[in-house]
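Structure, as structure tokens:
What follows is calculated from the coordinates using simple rules that are stated; it is not laboratory data. Here the structure is a predicted model, which is why all the values come from computation and not from measurement. When we count neighbours, we look across all protein chains shown, and the Cβ atoms used for this are built from the backbone with ideal geometry, even at glycine.
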Amino acid sequence: MKNDLSRLLVLILICVGAATQSSLLAATIPAGTPLIVRTAGGISSHATPGRAFTATLDQDVVINGDVILRAGTRVSGIIESSRGSRATTSSNPLTLDLTGVSSNGRIVPVKTSGGVQPHNQVKTTRASRGGFTVGEKIFPAGTRLEFRLARPLHFNALTANN
């Protein structure tokens, strides 16, 4: 009986220790936190809405002194709106949103607020050839964009730092 009680006590202590350690490793990035990224490839102002794009975090995301996401972490996003095909006359600005953050081989869903409209436009050679323009802008690889989380993002700190 005494032996069974000792085993039960050890099991309870192990469970409490594991639960405490697990809660210490959990981290939440609050809504409103900026995520500053650099695009992995060029994006055209005529890109098809719904098309995916990739980027990497340009700087660490630090919460209460702890690095939750490291610079270089891959993120994915979607083109929300654009001018569309060169044959259309849409005047929608290019608007991007983040949709996920890569962590330990998995994509963690992300919701950003309001969409981002890139600013550092570079016209393509074709767009300025012959003295006319088709209004196309190319945002080159490495374009820096700032998104804000619309909802808190819950992470395991050890997983996010890998």
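Between Thr28 and Gln117, how high is the FRET efficiency from 1/(1 + (r/R0)^6) when r is the Cβ-Cβ distance and R₀ = 35 Å? Nearest 0.05.
In this case the efficiency is close to 0.80.
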Inset, instruction - First measure r as the distance between the Cβ atoms of Asn64 and Ala40, then evaluate 1/(1 + (r/R0)^6) with R0 = 22 Å and state the FRET efficiency to the nearest 0.05. - result: 0.15
Inset, instruction - Would you mind computing, in nm to one decimal, how far apart the modelled labels at Asn92 and Glu146 are, each placed 7 Å from Cα along Cα→Cβ? - result: 2.6
